Amino acid sequence: TPLGGFTPEGEPIPSFPFPIDAAHIYYDLNYNADNLLVAHARRAGVATVDGTIMLVGQALKSYELWTGVTVEFEPIHRAVFGQQLPQA
């Protein structure tokens, strides 16, 4: 969902329109570092995936289509976001 986008200071965190628990995975398309809904879902014990994986994946696929060169995913993700891949 795009629910976890920027939340201005003092604004309430949007609530999930569905129940969340450890039996679910929350995948948010946003890739902002301070994604409050991803943090909220993690605190609730829900496996989470943020939009960094999709963003890098789309970029690498576009690069491959334009150049014919396949590039490994993880080193690019780490170089751009400075972190290991999120664990689901």
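Data for the structure
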item: Accessible area of the chain divided out per residue, in Å², using a probe of 1.4 angstrom; result: 67
item: Whole-percent carbon and sulfur share, accessible surface of the chain, 1.4 Å; result: 61
item: Hydrodynamic radius by Kirkwood, which averages 1/r over all alpha carbon pairs of the chain, in angstrom; result: 14.3
item: Accessible-area ranking of Thr70, Thr52, largest first, probe 1.4 Å; result: Thr70, Thr52
item: Accessible surface, 1.4 Å probe, highest first, among residues Glu72, Glu11, Glu64; result: Glu72, Glu11, Glu64
item: Mean Cα-pair separation over length for the chain, i.e. relative contact order, pairs under 8 Å, 6 or more apart, %; result: 25
item: Value at 222 nm in deg cm²/dmol, rounded to 500, when DSSP H runs of n ≥ 4 in the chain each add -39,500 (n - 2.57); result: -11500 deg cm²/dmol
item: Ser15 accessible area, 1.4 Å probe, all protein chains in place, Å² to nearest 10; result: 90
item: Exposure ranking of Asp21, Asp28 by accessible area [1.4 Å probe, largest first]; result: Asp21, Asp28
item: Residues with amide H under 5 Å from that of Gly51, placed H, sequence gap 5 or more; result: Asp28, Asn30, Tyr31
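The values are calculated or read from the model by the stated rules, or taken from the named source; none is laboratory data. Note that the structure is a prediction, hence the values are computed from the model and not measured. Please note that ligands, DNA and RNA were not included when accessible areas were found on the heavy atoms of the full protein model with its side chains. Shrake-Rupley method; radii C 1.70, N 1.55, O 1.52, S 1.80 Å.
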